[in-house]
Structures are given as C-alpha cells and as structure tokens.
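Reviewing the structure listed below.
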Amino acid sequence: MRAAPILLAAILLLPGCGLHPLYGGGESGVVAGTLRSITVAPIEGQAGWLVRNKLIDRLGGASAGAEYRLDVTLDDDITAFGIRSDQAATRERRTLRARFQLVRTGTGQVVLDATAGSDAGIDIVSSEYATVAAEQTALENLADVVADQIVARVGLYAARTASGK
C-alpha cells in the first residue's frame, strides 16, 4: 500500500521528463517516413554486403527518388591474442567499425557524420573449419549490431530535426 502513492506520483511526473517514443506515430510517423526515404550506397567487401543488406531491411528500402543517401565505410579487423608458449594464439577479437554519413541527395550536404562499432571474442580451436565458422558468425552478429546502431542514430537525427531541436 505504501508503494501506491509513489507509483502514482511517478506516473504523473513521467510526461514532464521529456521522454517520448522515437517511433511515435508508427508507419505514418516522421521518423519512419525519414528512414524510408534513405537509400544505402554500396559498401565494399563481405562485411559491407552484410551491413548494407541489414540496413536496407531496417530502413524499409528507399525508392529511386530518395531524399537521403547513407554512405558507410567499414573497418573489419581480426586481432589474435592469448598467445601460448608455442607462439600459437588461443583467442581472436573481431572488431567491426563503421563511419557513416547521411547525405541530403538534392544538395550533397552531409547532415549527419558519426561512427558505430562493436567487437566479439572468438576462441581458436584445433579445427580450422570451426574457427573460420566462428569468425563468420561473429561477423554476421557484428553486422547486426552495427546496423542497429546506425539506424538508431539516424532515427534520433530524424526525431530531432522534425521537432526543431
């Protein structure tokens, strides 16, 4: 019973804190509309192919007359560490970093320039096939994370520009 007044006060104060849903309005909202108006430029390499496809899936696929273009440059790196006495590595860290720019297609103006990235640890086992499979799985997971970060950042940009902040 003591928690009820505290809960009621928290509920009443919540609208005043300035929080609002990023994707408010659903499919017809400003953020969703902006995300649908973005075309993703080709990205080099296997990691680029993965990230680009994930971005297209999340953005909804822009039409030919897109208002924005998303340019992404990736840095995919695998570093061995955990060296044994026979100089063989026992672990790897796969790092995927992205620098992305949101460009207004009509003017060529860069409206957002930011970075995203993540890393994953990989065990090196006696089976080379298993290690390569683990590296590939790590790349696919990292591509998911990086694409999510990029879409979230572009969504924040869309929300801020729509509200005039």
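The values are calculated or read from the model by the stated rules, or taken from the named source; none is laboratory data. Treat the numbers as computed from the prediction; the structure is a model and nothing was measured. When we count neighbours, we look across all protein chains shown, and the Cβ atoms used for this are built from the backbone with ideal geometry, even at glycine.
Of all residues being out of contact with any Ser or Thr (no Cβ under 9 Å at 6 or more places or on another chain) and in a strand (DSSP E or B) in the range 109-136, which is surrounded by the most Cβ atoms within 10 Å (Cβ to Cβ)? Just the residue, please. Restricting to residues being out of contact with any Ser or Thr (no Cβ under 9 Å at 6 or more places or on another chain) and in a strand (DSSP E or B), the top hit is Ala116.
Here is the figure for the range 124-165: residues that are out of contact with any Lys or Arg (no Cβ under 7 Å at 6 or more places or on another chain) and under 21 Å from Arg104 (Cβ atoms) total 15.
Of the listed requirements (1) more than 19 Å from Ala41 (Cβ to Cβ); (2) assigned to a loop (DSSP other than H, G, I, E, B); (3) not hydrophobic (A, V, I, L, M, F, W, C), Gly106 misses just one: (1).
Each row is one residue, and each column tells you yes or no for (1) more than 30 Å from Val110 (Cα to Cα); (2) at pLDDT 70 or above; (3) touching a Gly at 6+ places or on another chain (Cβ under 8 Å).
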| residue | (1), (2), (3) |
| --- | --- |
| Ala4 | yes, yes, no |
| Leu8 | yes, yes, no |
| Leu22 | no, no, yes |
| Thr39 | no, yes, no |
| Ala47 | no, yes, no |
| Arg91 | yes, yes, yes |
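Condition first: in contact (Cβ under 8 Å) with a residue 12 or more places away in the chain and acidic (Asp, Glu). Can you find one or more residues in the range 91-98 that meet it? For the range 91-98, residues in contact (Cβ under 8 Å) with a residue 12 or more places away in the chain and acidic (Asp, Glu): present.
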